[in-house]
Amino acid sequence: MLSKERMLRIMNILNSHSFVTIQELIQQLGVSKSTINRDLIELERQGLVKRERGGAMKVEMKETLNNLKEIPVREKEYVHREEKRRICKRAAERIQNGDCIYVDSGTTPSYLLEYLHHKDIKLVTPSTYIVRKLPMDFRGEIYLVGGEFNIGYDMSAGYHTLEMIRKFHFDKAFFSASGIDLTNGEVMSVDFSIGAVKEEVLRRSRECYLLADKSKLSIQALATWANLEQFDLVFTDEEVEGNLPDNFIVCK
């Protein structure tokens with residue numbers, strides 16, 4: 001039996017069983033222990049299995065989140081509600097009277113708004129959802145950025161949106177993210193056009209803040225638009241396994 005055929009059979013076995021012992025593989029494949037170990041070492045190198053004492057388990061690959069799988073904004077409004085509120089309460093402390101701020105689309109940044117009603121600021125957003133969530137006593141100026149409107153995300157994106165964004169200079173920008181990869185520092189969106197808007201705002205902002213609850217730290221999405229090191233601070237709600245980058249603020 002060729003090496004590739006053996007490894008394929010090992011993966012087929014692991015598709016049916018979350019864990020398999022070396023002894024079971026020896027019996028099913030009819031090869032030596034050293035041969036099984038070599039195959040498992042190669043499969044682990046490819047990121048397909050994780051070797052454990054006496055056997056191996058399959059590595060669950062992350063599903064890539066894209067605009068076909070993403071839940072519409074309004075349906076996510078109350079998901080991780082308290083975590084988002086803690087994050088935004090802390091982040092809102094960065095906003096001063098006179099600031100021109102960018103508030104990104106998404107449910108997480110919307111929780112900033114309850115802390116802005118007394119602020120004399122200019123608020124820029126491409127999201128009608130954000131505008132609808134503004135408190136009635138908000139006393140600042142509102143700039144709603146236009147362009148091609150996406151109903152599912154309640155926001156504008158595309159060429160005309162980018163052209164309007166390029167007219168602004170922001171003191172502070174508050175971003176959401178679809179997913180974050182702590183291993184390589186990538187910050188992701190479900191759509192390239194949405195990512196392009198975020199990327200342009202990032203370039204035009206004096207201070208940049210990322211708002212992301214813990215669930216975002218385990219999601220892989222379609223389009224990378226930033227790296228964690230580009231943000232002054234990243235606000236999250238809970239410690240995760242391993243060390244967080246130095247610019248993370250845990251909002252307890």
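The values are calculated or read from the model by the stated rules, or taken from the named source; none is laboratory data. Please read these numbers as outputs of a predicted model, since none were measured by experiment. All Cβ positions, glycine included, derive from the backbone under ideal geometry; neighbour counts span all protein chains shown. Quick note on the areas: whole protein, heavy atoms, side chains included, nothing else; ligands and nucleic acids left out. Shrake-Rupley method; radii C 1.70, N 1.55, O 1.52, S 1.80 Å.
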Original post:
Using the heavy atoms of the protein chains alone and a 1.4 angstrom probe, what is the accessible area of the chain per residue in square angstrom?
Top reply: 53 Å²
Subject >> Computed [θ] at 222 nm, deg cm²/dmol, the chain (DSSP H ≥ 4; -39,500 (n - 2.57); rounded to nearest 500) >> reply: -8500 deg cm²/dmol
Subject >> Largest-first principal axis extents, alpha carbons of region 114-252, Å >> reply: 42, 34, 27
**OP:** May I ask you to list the lysines whose Cα is less than 29 Å away from that of K4, ignoring any residue fewer than eight positions away on the same chain?
**Re:** K33, K50, K58, K62
Subject >> Solvent-accessible area, 1.4 Å probe, carbon plus sulfur percent, for the chain >> reply: 49 percent
**OP:** Between S105, S16, S218, find the one with the highest GNM mean-square fluctuation for the chain; connect C-alpha pairs within less than 10 Å.
**Re:** S16
Subject >> Computed lengthening from R9 to H118, 0.36 nm per intervening residue step minus Cα-Cα distance >> reply: 32.8 nm
**OP:** Of the listed values [x] 75, 37, 30; [y] 60, 38, 30; [z] 47, 44, 35, grab the one calculated as Cα extents along the principal axes in Å from the structure here.
**Re:** [x]
**OP:** Could you state the angle between the C-alpha long axis of helix 81-91 and the longest principal axis of the C-alpha atoms of the chain, as a value from 0 to 90 degrees rounded to the nearest 10?
**Re:** 60 degrees
**OP:** Within region 1-35, which residues have the backbone N less than 13 Å from the label spot 7 Å out from R51 along Cα→beta-carbon, could you tell me?
**Re:** 22, 33-35
Original post:
Along the charge dipole of the chain, which of S32, N15, T236 sits closest to the positive end, that is, farthest toward it, with unit charges on the beta carbon of Lys, Arg, Asp and Glu (+1, +1, -1, -1)?
Top reply: S32
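Roughly speaking, what is the stretch gain from F19 to I41, that is 0.36 nm per residue apart minus the C-alpha to C-alpha distance, in nm to one decimal? Intermediate values should be presented prior to the final figure.
Working: separation 22, 0.36 × 22 = 7.92 nm, distance 1.54 nm.
Working it through step by step, the gained length comes to 6.4 nm.
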Original post:
In a GNM of the chain with a 10 Å cut-off on Cα contacts, which of E44, E238, E148 has the highest mean-square fluctuation?
Top reply: E44
**OP:** Under a cut-off of 21 Å between alpha-carbon atoms, report the lysines in cross-link reach of K119, not counting same-chain residues fewer than 8 places apart.
**Re:** K84, K89, K133, K172
